[in-house]
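For reference, the structure discussed in these notes is given below.
The values are calculated or read from the model by the stated rules, or taken from the named source; none is laboratory data. Only a predicted model underlies this, so the values are computations on that prediction, with no experimental measurement involved. Cβ sites come from the backbone with ideal geometry, for glycine too, and all protein chains shown count toward neighbours.
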Amino acid sequence: MDYKLITERFHLFAPNINICFAVEFNKTFSDELIHEAIKTVHTIHPILRSSVRFDQEGNSFYHIEEQVKADFTVIEISDEDEWLSIIAKEQKQEFILSRAPLIRFKLLKCNEKMFLIMCVHHILADGLSCVKILKSIVSCMNEPGQNIEQQQPNLLEDSVLYDNEKLSSGVKLLVNMLNKKWGRSPHVFNEAGYYRMRENYWKEQSHSIEAMELNEGEVLQLKAKCKENGVTINTILITSLLKAAQIIEPRNIKAGIAVSIRPKENSIGNFASGISIIHKYRDNKSMWENASKIQSIVSKRLNNEKNRCFYLSFLKALNVNLLDSIHFKLFDNYKNKTTDFLAKSLGYTNEPIGCGISNLGMTDLTSELGVKRVFFAPPLVANSDKIAGAISTDTGLRIFYQYSNQINKEMNKKIYDKWIEELKKILNWTEIEIL
């Protein structure tokens, strides 16, 4: 059965949209056991066996294959920190959309240490879905031969979420106008054009990556301090990052925050939406007072279903080929006035300024299951020049920070360094583990 891509469509032709995870194990598993677990998980979650098909109008569909060969490679490395450079390579390596699977794995071995790298095209899964995929894999590694039950896809196509979405009359008028103007000079983009555009992007673009981690004790201290001040760890990460950004570049910085709209808790797919906030850090107030204000702003946005889903509602209402045209405008010199207007309205320009943060929170990828630590590398999407990905396990909190080398490189590196400095100040830490 085929399932239509809806709001996932906007990620389809993005040139830099691969999500990556690095999992270090605290015990040794055989290559064969890991490979078998990955193959089993392809059976459990049919969406992992999907490719993409198109119709003549440009609509796209997940096509689920009966069977696929899991993309699994074993690599011997000489430096245990080499996983960072391999993630950078994985983000650049394309997926062939018409060829399943759109997920691949690399097992890195360095002496007795083992790292599993998972790379996923964003149309296949969001960050939380990736965590569920990894949990399924390590569960199968710990209990090989267990009885498995295939889970049917539960994608946004048939989500009740859309039954409740309402765009205002003004926004509907705007959408109708954009679709009508696009209809006067329509264009259907294809795979060949996408691969050309993607190749050109990576010839001209490169990203820098940084990683840091807080150990279990430091996280407990931070959690206690946040509880004392009535804010979450996620809020203090956002606040300290915004403060660092405004110190280095004194102006209001828009922060994009990833949120989940999954229809069911165990669903695997791309159910990520986002909200954005602009907050000027007040120097005459403490870090915690600023954090409290930011948390209030974020809570109001998340607790309002209409605001929470506005972005996806808006994307869903637009012609899919018009959505595609934004990335071709940015990275393939496609010219269209309707595209220009839409791209600018959504903040997609050739010189984006803003930061994104995607915090997956506490996961159940535990040390008991053999997981020592996990890093989450979200893609640097085209409307931001820097992004942070955070993930917590029972052994600590890890943060991955990525920024463009072509746009504000030195400034964004200074923001990262200042961010670490601000985190240290919160609890008077002397060191944060930097990789």
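Just a few scattered comments:
- Check on GLY361, touching a residue at least 40 places away in the same chain (Cβ under 8 Å), surrounded by fewer than 21 Cβ atoms within 10 Å (Cβ to Cβ), out of contact with any Asp or Glu (no Cβ under 9 Å at 6 or more places or on another chain) and in a loop (DSSP other than H, G, I, E, B): no
- Scanning region 364-391 for residues that are in a loop (DSSP other than H, G, I, E, B), touching a residue at least 60 places away in the same chain (Cβ under 8 Å) and not β-branched (Val, Ile, Thr) yields a count of 9.
- Residue within region 21-35 that is at pLDDT 90 or above, part of a helix (DSSP H, G or I) and in contact with a Lys or Arg (Cβ under 9 Å, 6 or more places away or on another chain) present: yes
- Residues (at pLDDT 80 or above, under 18 Å from the mean Cα position of the chain (by Cα) and polar (S, T, N, Q)) located in region 239-273: ASN270
- Residues that are in a loop (DSSP other than H, G, I, E, B) and among the hydrophobic types (A, V, I, L, M, F, W, C), drawn from region 62-119: VAL68, ALA70, ILE77, PHE95, ILE96, LEU97, ALA100, LEU102
- Any hit, region 282-293, residues being among the basic types (Lys, Arg) and in a helix (DSSP H, G or I): yes
- Given (1) in contact with a strand residue (DSSP E or B) (Cβ under 8 Å, 6 or more places away or on another chain); (2) farther than 30 Å from LEU318 by Cβ; (3) of a type in the set (D, E, K, R), index of the condition LYS4 fails: (2)
This table checks each residue for (1) of a type outside the set (Ser, Thr, Tyr); (2) surrounded by 22 or more Cβ atoms within 10 Å (Cβ to Cβ); (3) farther than 24 Å from ILE209 by Cβ.
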site	(1), (2), (3)
MET1	yes, no, yes
ILE6	yes, no, yes
ASN16	yes, no, no
THR40	no, no, yes
THR43	no, no, yes
ARG53	yes, no, yes
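- Of all residues in region 166-196 being of a type in the set (Lys, Arg) and without any contact (Cβ under 8 Å) to a residue 12 or more places away in the chain, the one that is surrounded by the fewest Cβ atoms within 10 Å (Cβ to Cβ): ARG184
- Residue match in region 392-401 (condition: of a type in the set (A, V, I, L, M), under 21 Å from the mean Cα position of the chain (by Cα) and not in a helix (DSSP H, G or I)): yes
- Residue within region 407-414 that is under 30 Å from SER367 (Cα atoms) and either without any contact (Cβ under 8 Å) to a residue 40 or more places away in the chain or touching a strand residue (DSSP E or B) at 6+ places or on another chain (Cβ under 8 Å) (or both) present: no
- Checked across region 89-107, the condition of being within 26 Å of MET362 (Cβ to Cβ) and touching a Lys or Arg at 6+ places or on another chain (Cβ under 9 Å) holds for at least one residue.
- Number of the condition not met by SER267 [criteria: (1) part of a helix (DSSP H, G or I); (2) over 21 Å from GLN402 (Cα atoms)]: (1)
- Unique match (being in the same structural domain as LYS386 (by TED's automatic domain parsing), within 28 Å of LEU323 (Cα to Cα) and modelled with pLDDT under 90) among ASN179, ASN190, ASN200, ASN164: ASN164
- Only one of GLU228, GLU210, GLU204 that is surrounded by fewer than 16 Cβ atoms within 10 Å (Cβ to Cβ) and touching a residue at least 12 places away in the same chain (Cβ under 8 Å): GLU204
- LYS329 passes every criterion in (1) surrounded by fewer than 23 Cβ atoms within 10 Å (Cβ to Cβ); (2) farther than 23 Å from LEU5 by Cβ; (3) touching a Lys or Arg at 6+ places or on another chain (Cβ under 8 Å) apart from (2).
- Any hit, region 71-86, residues being buried (at least 19 other Cβ atoms within 10 Å of the Cβ), touching a residue at least 60 places away in the same chain (Cβ under 8 Å) and within 22 Å of SER267 (Cβ to Cβ): no
- Restricting region 238-267 to residues that are of a type in the set (S, T, N, Q) and touching a Leu at 6+ places or on another chain (Cβ under 8 Å) leaves a set whose member that is farthest from SER384 (Cα to Cα) is SER267.
- Residue match in region 10-20 (condition: polar (S, T, N, Q) and within 21 Å of the chain's Cα centre (by Cα)): yes
- Hey, SER299 modelled with pLDDT of 85 or more, polar (S, T, N, Q) and either surrounded by fewer than 16 Cβ atoms within 10 Å (Cβ to Cβ) or outside the structural domain of ASN252 (by TED's automatic domain parsing) (or both) or not: yes
- Residue within region 141-149 that is modelled with pLDDT of 90 or more and surrounded by 12 or more Cβ atoms within 10 Å (Cβ to Cβ) present: yes
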